[in-house]
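Peer 1: Have a look at this one before I ask anything.
Every number in this text was worked out from the coordinates using simple rules, so none of it is lab data. Quick caveat, the model's predicted, so the values are computed rather than measured. Cβ sites come from the backbone with ideal geometry, for glycine too, and all protein chains shown count toward neighbours.
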Amino acid sequence: KAGVTQTPRYLIKTRGQQVTLSCSPISGHRSVSWYQQTPGQGLQFLFEYFSETQRNKGNFPGRFSGRQFSNSRSEMNVSTLELGDSALYLCASSWAGVREKLFFGSGTQLSVL
Amino acid sequence: QQQVKQSPQSLIVQKGGIPIINCAYENTAFDYFPWYQQFPGKGPALLIAIRPDVSEKKEGRFTISFNKSAKQFSLHIMDSQPGDSATYFCAASNRDQAGTALIFGKGTTLSVSS
């Protein structure tokens, strides 16, 4: 069974640009959540989607947004990139997403110059 | 605001030793406490998880001890091996929030020397 797939693996952008990251969950999983990982702040929850609806949102500015498609694939978008947005962005999927095992992808490493 | 405090930040043990990683929380609405292991270049992977109605849970060489009154929990790795060298994260989930949002500790980098 294929794991969680995130594309692209690496991205380099400049300040002010926008970026879209993609996540394909494990087949059958309906919950997709996104996390930002940085050396200073660790792993921080961005948002979660379940059956195409945002179910929960972390404490990030509105420049961070996401969506989920009918096949459970998800994308996150960051507009007007800032240097501080440089991070590893991780996607995780699960069946229903409540108090259960999350399966993480290997992440997209975003560098903002 | 860091809601789950993890210590130590780094840990070095010899092969066969028993590293212990500690986490503490304040929010009594937390009701699910998983531990994740992360290797360089990979996403975190679930090791073991516990709920507050259980004081201890063991899976293979990994054991969680949970102290509800002290709002603390810890991970013990028995007979540690060089392959256990990784970063370990404790986390918590809030029952008052919908879905699966996890609040992670800042992580502990474990090195097991042979």
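Peer 1: With r as the distance between the Cβ atoms of A:SER111 and B:LYS5 and R0 = 22 Å, compute the FRET efficiency 1/(1 + (r/R0)^6) and round to 0.05.
Peer 2: Efficiency for this residue pair is about 0.15.
Peer 1: I would also like to ask the following. Label B:SER113 and A:ALA2 with points 7 Å out from Cα along Cα→Cβ: what is the distance between them in nm?
Peer 2: 4.4
Peer 1: Follow-up. So what's the gap between the Cα centers of region A:80-101 and region B:47-92, to the nearest angstrom?
Peer 2: Here the two parts' Cα centres lie 23 Å apart.
Peer 1: Based on Cα positions only, what radius of gyration and what Dmax would you give for chain B, in angstroms?
Peer 2: According to the Cα coordinates of chain B, Rg and Dmax are 13.6, 44 Å.
Peer 1: How shielded is A:41-49 by partner chains, expressed as the average number of their Cβ atoms within 10 Å of its Cβ atoms?
Peer 2: The per-residue average across the peptide is 5.
Peer 1: To make sure I understand, if each residue's beta carbon is the centre and we count other beta carbons within 10 Å, what order do A:TRP95, A:TRP34 fall in, fewest to most?
Peer 2: Ranked by crowding around the Cβ, least crowded first: A:TRP95, A:TRP34.
Peer 1: Same structure, new question: 5 Å is the cut-off here: which amide hydrogens, built 1.01 Å from N in the peptide plane, fall below it relative to B:GLY105, excluding neighbours closer than 5 in sequence?
Peer 2: Under 5 Å from the amide H of B:GLY105 lie the amide H atoms of B:CYS90, B:ALA91, each far enough along the sequence or on another chain.
Peer 1: Give the aspartates and glutamates reachable from B:LYS15 as a straight Cα distance under 20 Å; neighbours fewer than 8 places away on the same chain don't count.
Peer 2: B:GLU59, B:ASP79, B:ASP84
Peer 1: Would you mind getting me the FRET efficiency between B:LYS68 and B:ILE20? Use the beta-carbon distance for r and R0 = 25 Å, nearest 0.05.
Peer 2: It comes out at approximately 0.85.
Peer 1: Under 12 Å from a point 7 Å along the Cα-to-Cβ line of A:ARG63: which residues of region A:1-25 have their amide N that close?
Peer 2: Zone members listed by number: A:14-19.
Peer 1: Between their Cα atoms, which of A:LYS57/B:LYS68; A:LYS13/B:LYS5; A:LYS13/A:LYS101 are more than 31 Å away from each other?
Peer 2: A:LYS13/B:LYS5; A:LYS13/A:LYS101
Peer 1: Cut-off is 10 Å between beta-carbons; in what order do A:THR14, A:THR108 appear when sorted fewest neighbours first?
Peer 2: Sorted ascending by nearby Cβ count, the order is A:THR14, A:THR108.
Peer 1: OK, next. Over the whole of B:36-49, what's the average partner chain Cβ count within 10 Å per residue? Rounded to a whole number, please.
Peer 2: Working: counts 5, 0, 4, 0, 0, 5, 5, 16, 9, 4, 7, 0, 0, 3.
Per residue, the number of nearby Cβ atoms from other chains is 4 on average.
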